[in-house]
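Asks: Handing you this structure, nothing more for now.
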């Protein structure tokens, strides 16, 4: 298993590295900032991130870094922290981390949590992109979602609303959007922001600021940061006047 450490206390980082390597894990890198994390992700994808929440040398804390990492990835995160404030825990909980451990950590406890994370997030042998439907945990069982009927996925903290054509209201599932994204990787699904995934095939109209869907009153604001990339995924024509 390949692990990236996000930790700016060098003694703690080296203790973690020795502990993990002794147990047979590969420590790909020790990062102190989000920019260093991005550099690692450009070359390879780790199986797990171990992230300290309080980072003195970074403009982003560990929770913000974890959120940014999983904006377009689904990589399990274990938080390490010396902070016991409820507010900090609530922020971390919204990201549904694999574990939340207090310093000083115990080696055996850390290894157990890593193994549990590996087990829970282990990719399926099924081709998730090719499957036409998926069963998500719902109430005391599972509910089938036909992916070609989904026109919008909206995050609500640690929950997700899935909007299905022909249904008067969305279906609420207890999972975060980073996790659910792995089941909607086909080219017609586009992650518009941290809160929205849209089905490009279900878009009826776009104006300067909003997306409108077929047979629905729902509209979604287009963030400026995503507009250019969104338009690259759509076949847009120019007016005859602009062609002259």
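Asks: Defining a contact as two alpha carbons under 8 Å apart and six or more residues distant in sequence, what relative contact order in percent does the range 2-120 show?
Replies: Once divided by the residue count of the range 2-120, the mean separation gives 23 percent.
Asks: Would you mind calculating the gained length between residue 87 and residue 159 on full extension (0.36 nm times residue separation, minus the Cα-Cα distance), in nm to one decimal?
Replies: 24.1 nm
Asks: Cα axis of helix 107-120 to longest principal axis of the chain: angle in degrees, 0 to 90, nearest 10?
Replies: Taking the Cα atoms of the chain, the angle to 107-120 is about 20 degrees.
Asks: With Kirkwood's inverse mean 1/r over C-alpha pairs for Rh, give me the Rg to Rh ratio of the range 133-235, two decimals please.
Replies: Reported Rg/Rh, Kirkwood definition of Rh: 0.95.
Asks: So, one more: With runs of 4+ DSSP H residues as the only contributors, calculate the mean residue ellipticity of the chain at 222 nm using -39,500 (n - 2.57) per run, divided by the residue total and rounded to the nearest 500.
Replies: -8000 deg cm²/dmol
Asks: At a Förster distance of 22 Å, what's the computed FRET efficiency of residue 59 paired with residue 21, Cβ-Cβ distance as r, to 0.05?
Replies: That gives a FRET efficiency of 0.15.
Asks: Between residue 107 and residue 45, 0.36 nm times their residue separation minus their Cα-Cα distance comes to what?
Replies: Contour length minus Cα-Cα distance gives 19.9 nm.
Asks: Okay, next question. Any idea what the alpha-carbon Rg over 2.2 N^0.38 Å comes to for the range 82-201?
Replies: The range 82-201 yields a ratio of 1.23.
Asks: Run the simple label-point estimate for residue 216 and residue 35 please: 7 Å along Cα→C-beta, distance reported in nm.
Replies: 3.9
Asks: Which shape class applies to the range 2-120: rounded if a/c is under 1.5, otherwise prolate when a/b exceeds b/c and oblate if not, where a ≥ b ≥ c are the square roots of the Cα gyration tensor eigenvalues?
Replies: Here the range 2-120 falls in the rounded category.
Asks: Also, quick follow-up: Percent of Cα-Cα pairs per 10 Å bin, from 0 to the last occupied bin, for the chain, please list those.
Replies: Distribution as computed: 6, 28, 31, 22, 11, 3, 1, 0 percent.
Asks: May I ask for the angle, rounded to the nearest 10°, between helix 10-22 and the longest principal axis of the chain, with both axes built from Cα atoms and the value confined to 0 to 90°?
Replies: Result, in degrees: 90.
Asks: Find the relative contact order for the range 133-235 and round it to a whole percent, using C-alpha pairs within less than 8 Å whose residues are 6+ positions apart.
Replies: With pairs under 8 Å counted, the relative contact order is 19 percent.
All of the numbers you see were taken from the coordinates with simple rules; none came from a lab. Only a predicted model underlies this, so the values are computations on that prediction, with no experimental measurement involved. Note that each Cβ is placed from the backbone with ideal geometry, even for glycine, and that neighbours are counted across all protein chains shown.
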